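Undergrad: Before we start, here is the structure in question, set down as structure tokens.
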Amino acid sequence: LFIQCSTSFRVSSTVTMAQPKCGEEVAEKVNDNTNNEGLTMWAAAWRGGRVGALFVGAISAVLGLLLGSAAGAAAGSLLAPLTLGFSAPACCFFGALGGLILGAALGCAGGVMLGASLGLLCFATEMPSGWTKPRNGQVLQVAAPLILTGVTGPCFASFGAFLGLLSGAFLGLIAGLFLAPFTFGISVPICACLGGIVGAAVDAATGALLAVLLNLVLFRHRSGFMGGLTRLFQPFITAFNRWRFQLAMLIAPSLEVALKNPDESPMEDCKKPARRARRRARKVGNSIM
């Protein structure tokens, strides 16, 4: 009987220890979650929409840049015989810029809806939503290369369109010459025109893509790049500072600083600071005596 009582006491103690210490705290937490359900849901939708707008907008902007540059180069190549080929890079520049802006706007709108939907889905199904949490420098890592691409992308694309127009027209002309005996010479202008259009479009898209990749590499390794530029231009910076220093020393005698100490030369003071310190110490000692 004593053994049975002791075992029953142990079982009851373990059961009481396994139970929650305070049922009211658990109830309060549940009530808090139910009361803040709408706020948490909107927060999940907002975070998901922000992440979606950031990444989907960036991808859409890059695609708009590529398509806009190719379409602008192809359209400008049609007017190339009337403008001596300058219409291709001009149309490519404005087409790339317009495609970048339009793609970014459409991508941000679609990314907001997609990200908000995924955020609400993760909240409703209690799936992990760590991808919606804001991270340090996340906006800068996406926005900075995109802004650099918006500045350099149209320029690279227009340059590529001009080169592609020349090379494509030349290759098309050669291909048309081979087919000229079979087409009574009609293939020459047709192949040259088609080659110029295709070459301008392809090289414009290639130039825009090259600008995107270059901006990503430069932003990722910006510290090493800036250090290399500093070491490269350090001799020029040193020479310029030396010239400024000599110019200031030449102008110094006409300033008030030189009038206060007419016996001291600014060049000598800069070249020999120890002599200047000894001279000042001697003056202070004479004044004390």
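Just so you know, all these numbers are worked out from the coordinates, no wet-lab data involved. Source: prediction; values computed, not measured. Cβ sites come from the backbone with ideal geometry, for glycine too, and all protein chains shown count toward neighbours.
Undergrad: PRE reach from Met113 (point 7 Å along Cα→Cβ): which of segment 41-59 fall under 16 Å by backbone N?
TA: Label zone hits: 49-50, 52-54, 56-57.
Undergrad: Still on this structure: Across the Cα atoms of segment 69-175, what radius of gyration and what greatest pairwise Cα-Cα distance (Dmax) are found, in Å?
TA: 20.5, 64
Undergrad: Tell me the label-point distance for the pair Gln138, Ile186, using the 7 Å Cα-to-Cβ offset, in nm and rounded to one decimal.
TA: For the pair Gln138/Ile186, the computed spacing is 6.0 nm.
Undergrad: What ranking, highest mean first, results for peptides 174-187, 138-151, 82-95 when packing means the other Cβ atoms within 10 Å averaged over each residue?
TA: Answer by packing, highest mean first, reads 82-95, 138-151, 174-187.
Undergrad: Please state the relative contact order of segment 113-188 as a whole percent: Cα pairs under 8 Å, 6+ residues apart?
TA: 13
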